[in-house]
Amino acid sequence: MNSYLRLVYRNLRANLDRASLFFELIFPLFFIFVQGFGINGIVPPFDIGNGTFVSYSLFLAAGAVTLTVINGGTNAGTQLWFDRKNGMFEQILMGPFTRAQYILSIILATLIIGVAGSLLVFVFAYPVVGARFVFTLGGGLLIAAALFLGTVFFGAFAIALSVALKSSETFQVVSTFAFFVFLFTSTVFFPASSAPAAIRTVSMLNPLTYTTDIFRAGLFGSATALTSIELAVLAVEAAGMFIVAVLAFRRIRV
Amino acid sequence: MQELSKHFGSNVAVDRVSFDIDRSEVFGFLGPNGAGKTTTIKMLTTLLPPSSGRAVVLGHDLRTEGRKIRQQIGVVQQQDSFDQGLSVETSMDIYGMLWDVPKAERRRKIEDLVHRLGMEEFRKKPTIDLSSGQRRRLQVAREFIHDMDLLFLDEPTVGLDPMVRRTLLDFFKEKVHEGLTIFFTTHILEEAEYLCDRLAVINQGRIVDVDTPENLKRRFGSAKAVEFKLLQGTSKELASSLSSFVGVTRLVEDGGAGVYRATTARPESVIPEIYRQAERLGLTVSSIYISETTLEDAFINLVTEDDKTDPTGAR
């Protein structure tokens, strides 16, 4: 079996906490079925681009699916922390693998968790989002690109954070805080156009904004010329963060 | 290995270390805490790049052929290493899978190792619930699921009871007989003597000597151990004056049994001194005899002499 496959399989078997995964799925569903329906009655349908009007519950449901991407990303940092704490990081690097294979295997495992989690949430949320979802090849590709690039960014971000912080407890606290910042300055809960100028500016730097916007565009067929620019920005951010993670990873003291 | 060194900033952890290891040899690496044993292992297993020097491991250059080296070695680290979300058996299976061992072979080897190393009672237990001794056994066992030519054992018997320790040492001996080469670090010198063909003593990052256990004992065991007991039990005054006596390299006191053990190269001058000091303090020596030098005595002498030669570490 290929070295990457072996490492990815081992990451998925050894380092995933099933209880955490369960709650990572419940979290977005809670937004969709509680917050979405709760606020739906007081917010009229609005334009998300290309003349596409959607209700707030639909808007939020799409955002909540991409929320799974950020949760999947946290797993990358957790995997690395478990391995460092339990001595498996050094053990694997003294085995028939390179550092590059190890870090890529974490990213790949994170991609599987992020994409599979998103699809699962999508399936559960289908009674809500299915009302407007029409599958097209272009839309499918946009959805796949959003999930892929978003997971790479947040996986790499979590790895860089995990390397920089001295304890797993600090990692949990800081990553939770950082991900809340990403979440509430993105377009998961509200369109950037309706936010104050400061938040709108931060939102334009936030990769979760682009992940969510591209995902929505793919889901509701609302892609515009802006979508391809958003795709390019997200790709650059994901590549940049991946490089940061690799550089940080190379500095780990053994 | 030729002149291999490792610096961490201005701190020299390993200083121009050189030695050769033969195939199917058990090569012991002894040294006090912080002497550079683990750093040497980390360099030889390609985890840490050397600062200078050269080494060839199993015919492969350490600097340029790291992956080829790692494909042929096994490592039992000093620190715990385990997959916390798995049971013992699954953890062994996945470790074998990482090494690309076919499933049927993994199953067969796991059965054999679990039986050989007495792991039946905890084979189904989650690794997170194991005692430190059980984790140690797991670390050793899983390394034998894959083939290797050279095994690094960094204090592999820490936390094990004497029975399990002997089982492991005999298991290692059997594997060496089948062709395995072992690089072995330990603090338990009886183990080193039992297992190792040759020993290197490292102190302050430098190799002090390399020889067989017997030769080390003979060469540095001009020292003998004088063991004695006092009728009155123990005496701090006596211990203090004997410790500063020129001929005594080391004096240890077994508080429980009330036995003093003085390591010396000149028992003929130390014995009268013991009687002289005892008389001065109004004590009576109830028994005294000269025992053979142990490897521990030789080790202590070597390291103590090395420290005395140059306590700053500079040569």
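Since every read-out is calculated from the coordinates, none of them should be taken as a lab result. All values derive from a computational prediction rather than experimental measurement. Neighbour counts run over all protein chains shown; Cβ positions are idealised from the backbone, glycine included.
Over the range B:2-214, the reciprocal of the mean inverse Cα-Cα separation, the Kirkwood hydrodynamic radius, stands at 17.8 Å. Expressed as a whole percent, the proportion of Cα-Cα pairs in the range A:3-250 lying more than 21 Å apart is 56%. Computed over chain B, the per-residue total of -39500 (n - 2.57) for DSSP H runs of n ≥ 4 gives a 222 nm mean residue ellipticity of -11500 deg cm²/dmol, rounded to 500. Out of the DSSP beta bridges found with both residues in the range B:2-214, what percent are antiparallel (nearest 5)? The answer is about 45 percent antiparallel. Based on the Stokes-Einstein relation at 4 °C and a viscosity of 1.567 mPa s, and on the Kirkwood radius from alpha carbon pairs, the range B:224-292 is assigned a translational diffusion coefficient of 112 µm²/s.
Working from Cα pairs under 8 Å separated by at least six residues, relative contact order for the range B:224-292 is 50 percent. Listing B:Phe183, A:Phe135, A:Phe37 from fewest to most neighbouring C-beta atoms within 10 Å gives A:Phe135, A:Phe37, B:Phe183. Taking the C-alpha atoms only, the angle from helix B:267-280 to the longest principal axis of chain B is near 60 degrees.
Summarising the strand pairing of the protein assembly as shown, around 65 percent of its internal DSSP beta bridges are antiparallel.
Give the shape of the range B:191-268 as rounded, prolate or oblate, defined through the alpha-carbon gyration tensor: a ≥ b ≥ c are the square roots of its eigenvalues, a/c under 1.5 means rounded, and otherwise the shape is prolate if a/b is larger than b/c and oblate if not. Prolate, because a/c is 1.5 or more and a/b exceeds b/c.
Of B:Lys68, B:Lys37, B:Lys236, the residue with the greatest mean-square motion in the GNM of chain B, using alpha carbon springs below 10 Å, is B:Lys236. What do you get for the angle between helix B:132-143 and the principal long axis of chain B? Use alpha-carbon atoms, 0 to 90 degrees, nearest ten. Helix B:132-143 sits at roughly 50 degrees to that axis. In chain B, once you exclude exposed GluC sites (Glu not before Pro) (DSSP loop, at most 13 other Cβ within 10 angstrom), what's the longest stretch remaining? Excluding the exposed sites themselves, the longest stretch runs over B:1-177. Over all pairs of different C-alpha atoms in the protein assembly as shown, the reciprocal of the mean inverse distance, the Kirkwood hydrodynamic radius, equals 27.8 Å. Based on alpha-carbon atoms, the Kirkwood radius and the radius of gyration of the range A:82-194 give Rg/Rh equal to 1.05.
Summary value for chain B: 19 percent relative contact order, contacts being C-alpha pairs under 8 angstrom separated by 6+ residues. Exceedance of the 20 Å cut-off in Cα-Cα distance is limited, within the set A:Lys85/B:Lys173; B:Lys6/B:Lys37; A:Lys166/B:Lys6; B:Lys42/B:Lys217; B:Lys42/B:Lys68, to A:Lys85/B:Lys173; A:Lys166/B:Lys6; B:Lys42/B:Lys217. Shielding of peptide A:89-101 by partners, expressed as the average count of other chain Cβ atoms within 10 Å per residue Cβ, is 6.
Evaluate E = 1/(1 + (r/R0)^6) for B:Glu65 and B:His115, where r is the Cβ-Cβ distance and R0 equals 25 Å; express this FRET efficiency to the nearest 0.05. Using R0 = 25 Å, I get an efficiency of 0.10.
Nearest 0.05, what FRET efficiency do A:Ala116 and A:Tyr4 give at R0 = 25 Å with Cβ-Cβ as r? Here the calculated transfer efficiency is 0.90.
The mean sequence separation of alpha-carbon pairs under 8 Å and at least six residues apart, normalised by the residue count of the range A:1-118, gives a relative contact order of 37 percent.
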